[in-house]
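What follows is a set of notes on a single structure, which appears directly below.
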Amino acid sequence: MTSTADSVAARPGPAGAPRGPRSVWVDTLDPADAAAPARPGLAGDEQVDVCVVGAGYTGLWTAYYLLQADPGLDVLVVEAETAGFGASGRNGGWCSALFPQGAERMARESGAAAALAMRRAMRETVDEVGRVVAAEEIDCHWRKGGTVVVARTLAQLRRARAEAAADEAAGGEEGLVLLDAPATREHVRIAGALGATWTPHCARLHPLRLVRGLARAVERLGGRIVEGTRVTSIVPGEVRTTRGTVRCRSAVRATEAWTSTLPGSRREVVPVYSLMVATEPLPASFWDRAGLAAGETFSDHRNVIVYGQRTADDRLAFGGRGAPYHFGSSIRPGFDAEPRVFEALRATLRELFPDLGDARFTHSWGGPLGIARDWHAAVRYDPATGLGSAGGYVGDGVATTNLAGRTLADAVTSRRTPLLDLPWFGHTSPRWEPEPLRWAGVNAGLVLARAADAAERRRGRGTLVGAALGRLTGH
């Protein structure tokens, strides 16, 4: 193994690959998918039943379940780039029961029963995604091995114990198990691990293969997808684009971080970048020492979020926050690359797995995710206007989007189901502050999180800053 970094990251990719750095997911697509041309754009004005804006997970799940509920619907998905161009095709591949708002905060704001229903719905959603993957024969490397979150300092171990105790007090709804150091090593052998938490409610997958397979499933059901068609506004009865106007009974906005680029929506979410790196395929001798044999995803209990998986072709794919928020909620291809953050991710992964030695890092990439002001994902639909939306997943969207799509399908087709009683349906988050307050606040939070982690590494105990961050995010 040699130590060259990102040796293939700049090669041209298939149609629809982000214009910034190349992800490992692009280079490990099914060959037929990789060679497929982009879909045609909108060819002028259209009249449909439902127009879905955005061909990521939210938009495609919504279209999928609409067509399952009513095969006679004329459903059109409009995408500015290509299916899976955004976070849906670039993420860490965790299909988990995580919800961005913490369970305790949700219980305070919505009541214990509603919070419990939301948590159960998220757990069921992980298995629903697995069911569709099998039914539609989507080869996305699905493997449900759970998540292990390691504690490497005393402060992290206290957080792990507190999380496990809170779940036990709530009846064990999350299935969260506190592991000691030997039990942790049965899942993953990370240097310095004092213990960990483990939950079974997560599957590892290839995110771009999932979104491409889901797009094909929508088309098999009779839905249509147009690409290269940028939406300029969404109003009752009309979706206006650069290539024509779509008239419709219902319009669903599924644009996640790109919501901030639509007129009047700049302060609904902030686009915050999450970046990833990936190694070359690693030999069996490494995995004999490292573990992750059951397809577990992994993280640790630090304040600045990190996340990783062992891919189906035996790479380590590892990501984390740390890139700055860009003034004015800007989204640009150049923001997908932050050399300082990429180097920090490589260094962190080598620290976690010293046996990486001189292994080569072949890819580095990134992209924006959407964060609402109260860190609360939401689904909305107004039958009077026919306008719906979903988003604000804070990076926990691989499974959450499926629940959003099912909920929107029920709302659009006027089916009264328990999904419409979940506390995120109809929730409206406050708007983010205007600039420069938004820029200062978001980036200050990142600085504080880094400072809390550095202090915990030095002192081995929690800090007031770390406690404040937990209260801020609801975790």
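Please treat every number below as a calculation from the coordinates, not as lab data. Bear in mind that the values here come from a model prediction, so they are computed numbers and not experimental data. Note that each Cβ is placed from the backbone with ideal geometry, even for glycine, and that neighbours are counted across all protein chains shown.
Details
- Net charge over other residues, Cβ less than 11 angstrom from the Cβ of Gly426 (K, R count +1; D, E count -1): -1
- Placing a label point 7 Å from the Cα of Ala384 along the Cα-to-Cβ direction, no residue of the range 249-266 has a backbone N closer than 16 Å.
- Over the range 345-442, the reciprocal of the mean inverse Cα-Cα separation, the Kirkwood hydrodynamic radius, stands at 16.6 Å.
- Counting only cysteine Cβ atoms and a cutoff under 4.7 Å, the chain contains unmatched residues Cys95, Cys140, Cys202.
- Considering only beta bridges that DSSP places wholly inside the chain, some 70 percent are antiparallel.
- Contact order for the chain, expressed relative to its length and based on alpha carbon pairs under 8 Å spaced 6+ residues apart, stands at 24 percent.
- The reciprocal of the average 1/r between distinct C-alpha atoms defines the Kirkwood hydrodynamic radius, which for the range 150-257 equals 18.5 Å.
- Nearest-20 debye value, the chain charge dipole, Cβ charges on Lys, Arg, Asp, Glu: 1020 debye
- Only helical runs count toward this figure. For the chain, summing -39,500 (n - 2.57) over DSSP H runs of n ≥ 4 and dividing by all residues gives -10500 deg cm²/dmol at 222 nm.
- What you get for the range 160-279, charging only the Cβ of Lys and Arg (+1) and of Asp and Glu (-1), is a dipole of about 1040 debye around the Cα centre.
- Descending Cα extents along the principal axes, the range 50-107, whole Å: 42, 26, 16
- Signed unit charges on C-beta, dipole axis of the chain, positive-most listed residue Val252, Phe327, Ile305: Phe327
- Relative intensity of the range 277-423 on a log10 scale, I(q)/I(0) at q = 0.10, 0.12, 0.19, 0.20 Å⁻¹, equals -0.50, -0.68, -1.14, -1.20, per a Debye sum over C-alpha point scatterers of equal strength in the absence of solvent.
- The range 60-210, dipole about Cα centre (Lys/Arg Cβ +1, Asp/Glu Cβ -1), debye to the nearest 20: 820 debye
- Between amide H atoms placed 1.01 Å from N, distances below 5 Å from Ser274 occur with Gly367, Leu369, all of them 5 or more places distant or on a separate chain.
- Taken over the chain, the convex hull of the Cα atoms encloses 131 Å³ per residue.
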